[in-house]
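One structure below.
The values are calculated or read from the model by the stated rules, or taken from the named source; none is laboratory data. Remember, predicted model here, so these are calculated numbers, not experimental data. Positions of Cβ are generated from backbone atoms using ideal geometry, with glycine treated the same way; all protein chains shown enter the neighbour counts. Heads up: the accessible areas ignore ligands, DNA and RNA and are worked out on the full protein's heavy atoms, side chains in. Shrake-Rupley method; radii C 1.70, N 1.55, O 1.52, S 1.80 Å.
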Amino acid sequence: MNMADTRTLLAEIAAIDNREVTPEVVAAWNAVLEFSQSVTLVGGWGGVFNASAQSIEVTNEAYNGQLAPGASISFGLQGGHSGNFAAPSCRMR
């Protein structure tokens, strides 16, 4: 990737609100961010990150996996991309 064409992507995403997932305790969570173009992951916080081509998968850390009904969790990341940027879609698994 040509560094002159690289822009920094910063995101802090409120990813999960358990009221929308289930009325029960969630023991673990997973979010997949899907981008319209390739992105590179520099780092992240609040989760375990795995990047491949046009997606970044985030799973819970040991300390923040369990969510009570009504609880929420957030995570953030820093990465890069080339060209115009469009916000990713986010789906929960």
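General remarks:
- For Thr40 and Ala68, the difference between the fully extended length at 0.36 nm per residue and the C-alpha to C-alpha distance is 6.8 nm.
- Cα shape, region 18-78, gyration tensor, a/c 1.5 rule: prolate
- Area of Leu41 that stays accessible when all protein chains are in place (1.4 Å probe, Å², to 10): 60
- Label sites at Asn50 and Met92, each approximated as a point 7 angstrom past Cα along Cα to Cβ, lie 2.0 nm apart.
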